[in-house]
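To start, the structure itself, in structure tokens.
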2 protein chains.
Amino acid sequence: MKIIITGGAGFLGQRLAKRLLQHYPDSIRLLLADRVTTDAFAADRRVQSVVCDIAQNADVERLVTPDTAVVYHLAAIVSGQAEAEFDLGMTINLDATRALLEASRRLPAPPKFVFTSSLAVFGGELPATVTDPTAVRPQSSYGAQKAMGELLVNEYSRRGFVDGRVVRLPTISVRPGKPNRAASSFVSGIIREPLNGEPAVCPVTRNVRLWLSSPATAIENLMHAHLIPAQSLGTNRTINLPGLSVTVGEMIETLEQVAGPEIVARIRFERDEVVERIVSSWPGRFDTARAAALGFRGDQDFASIIRGYRQETFPTPSASHA
Amino acid sequence: MKIIITGGAGFLGQRLAKRLLQHYPDSIRLLLADRVTTDAFAADRRVQSVVCDIAQNADVERLVTPDTAVVYHLAAIVSGQAEAEFDLGMTINLDATRALLEASRRLPAPPKFVFTSSLAVFGGELPATVTDPTAVRPQSSYGAQKAMGELLVNEYSRRGFVDGRVVRLPTISVRPGKPNRAASSFVSGIIREPLNGEPAVCPVTRNVRLWLSSPATAIENLMHAHLIPAQSLGTNRTINLPGLSVTVGEMIETLEQVAGPEIVARIRFERDEVVERIVSSWPGRFDTARAAALGFRGDQDFASIIRGYRQETFPTPSASHA
């Protein structure tokens, strides 16, 4: 069974790859498509790393061969970069999504097509709790492009061209590694950097409310997305994923409880208006009953997310005290 | 002041042109862009009819010259045809809309950009009354393409590339002339054909509820759309226009009251599943308080719509008794 992951060399892509290899130990052929190659699976004959540019139709055609059973389309220009580079965002977040759907449409059997959307499709005047019938009103180019991608995946599914599943991911925290150009990059940074012994800048005020998922939960939910029977989804292929509703202030308090005041002292507040405008436009609370009924799950609390990050990053107990 | 109307040789385009000429008698330069030419304004030096293909970027670039103040983008592949010819619908309803927005973006000052969307963006499980925060869930290719166009116009407005206004038109009845490939074509046909002494086919059951606007009201609202100050619209450039909520049965009863049973006897019911599926997916009732506050208006009742059509089509009292 051939599974393609675009953005396959990225943070989520690699973790999803590991999870899929574990789920289908024998039958899988995994193609990790990205702008860069990854040698994370170099020894694994089930995995192929392909360098490609999904803005090029020829590259997309080469990826999506007739034996493709599942396409995980994770590649994207993140929110901060899409705001700074409008045309690039349109090309990757909209045009490349359409090119992948078009290539999928030409297959002998409609593949499962899992598209990662985002809470960034929401904005403007929002109800206290976002529900399934809440209208999208993106206040960022990233959100607008993802919202159009959602419509494409739903329409291509309605027409039977693909068997689509759109998951609206919460903001993921704590991402390991370096900051990226997502407006939400600080949501990991204010936890990760202090724990790693480094200073962190928080560009928004403490009362900004976020909707969060740990990386592990995001991967479990991404994995689950391709396993749900099509008939359970019906005509609405878009799912608001479960998350934790916490404010920036609550995140920092939790960090203090888990790791101590000397860790939290490494966080400095320095307002960034662009980041604050974008992140504040996102909803901080969802009703995700439909997702729960479909078998998706959320994290228990933010303390467990911090502990999960520490365990993974500093595997020995002594090293965990930064 | 240069105003462009795409679909300018069409039914709404020509009426809007007349209305704009009346509103700006001296200062206007009106460009009617369409696949076909129109000689309706041949004697009027303020009007230019341009044959063009808005699927061709070069044609779009030629239309949108630096002196453009307003773009009315009415051209579209209608619902029935977009369902039958998916790729053509994508090209005209999505790609050409984007090309017009891109050409507008390159102007020295952002033009007003009026985009006609449709109640067809809605579908699936709907509340009894659609409100501004109701999520779009198109159940037709036309609806999906219009919903993406709405997102584009909102995003291009947010970025300051255009000053956009998206009006979601009700189904228009009674359109004069011939049937077209809209799934809703019968909504005019079941009134127009009997009054014209011809047989009509109704492809849906009597209890299907529709959301209607007369042509005259649609034109007044289209006209009004470019006059609203941008600050009144805020960040949400999409407006559900006022309409009349009536069932097919009520339309036919009203026709009988206005024109007599011998007229209504010309209507035959013959179910068309594709048409019924598409038209039944559309909402039949809206809360349009925001539109009313912005100065848009609706029709009084369906009887006045029928009378309006008769007066226009059969101007002398004797001829009105078909």
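Every test in (1) modelled with pLDDT of 95 or more; (2) touching a helix residue (DSSP H, G or I) at 6+ places or on another chain (Cβ under 8 Å) is passed by residue B:261 save one, and that test is (2).
Note on region B:44-162: enclosed helices (runs of 4 or more DSSP H) holding 3 or more residues that are of a type outside the set (Ser, Thr, Tyr) and at the interface with chain A (Cβ under 9 Å from one of its Cβ atoms) are B:141-158. Only one of the listed residues (A:223, A:251) is in contact (Cβ under 8 Å) with a residue 60 or more places away in the chain, farther than 28 Å from residue A:126 by Cα, part of a helix (DSSP H, G or I) and away from every other protein chain (no Cβ under 14 Å). That residue is A:223. From the list B:175, B:192, the one residue that fits, being away from chain A (no Cβ under 11 Å), buried (at least 20 other Cβ atoms within 10 Å of the Cβ) and assigned to a loop (DSSP other than H, G, I, E, B), is B:175. Can you say whether residue B:164 is assigned by TED's automatic domain parsing to the domain that holds residue B:12, in contact with a Ser or Thr (Cβ under 7 Å, 6 or more places away or on another chain) and more than 24 Å from residue A:157 (Cβ to Cβ), as far as the supplied structure shows? Against the criterion (assigned by TED's automatic domain parsing to the domain that holds residue B:12, in contact with a Ser or Thr (Cβ under 7 Å, 6 or more places away or on another chain) and more than 24 Å from residue A:157 (Cβ to Cβ)), residue B:164 qualifies.
Just wondering, is there one or more residues in region B:34-49 that are closer than 22 Å to residue B:146 by Cα, surrounded by 14 or more Cβ atoms within 10 Å (Cβ to Cβ), out of contact with any Asp or Glu (no Cβ under 6 Å at 6 or more places or on another chain) and modelled with pLDDT of 95 or more? The answer is yes; a qualifying residue exists. Inspection of region A:259-269 finds no residue satisfying the criterion of being of a type outside the set (S, T, N, Q), touching a residue at least 40 places away in the same chain (Cβ under 8 Å) and within 18 Å of residue A:289 (Cα to Cα). The residues of region A:293-304 that are within 19 Å of residue A:224 (Cβ to Cβ) and in contact with a strand residue (DSSP E or B) (Cβ under 9 Å, 6 or more places away or on another chain), listed by number, are A:294, A:296, A:298, A:299, A:300. One residue stands out among those in region B:24-71 that are of a type in the set (Gly, Ala, Ser) and in contact (Cβ under 8 Å) with a residue 12 or more places away in the chain: the one that is farthest from residue B:104 (Cα to Cα), which is B:40. The residues in region A:1-43 that are of a type in the set (Lys, Arg) and part of a loop (DSSP other than H, G, I, E, B) can be counted, and the count is 1. Take the conditions under 18 Å from residue B:225 (Cβ atoms) and assigned by TED's automatic domain parsing to the domain that holds residue B:68 and apply them to residue B:136. Does it pass? Spelling it out, it is not the case that residue B:136 is under 18 Å from residue B:225 (Cβ atoms) and assigned by TED's automatic domain parsing to the domain that holds residue B:68.
The values are calculated or read from the model by the stated rules, or taken from the named source; none is laboratory data. The shown structure was predicted, so the numbers you read here are calculated from the model rather than taken from an experiment. As a convention, Cβ positions derive from the backbone with ideal geometry for all residues, glycine included, and neighbour counts pool all protein chains shown.
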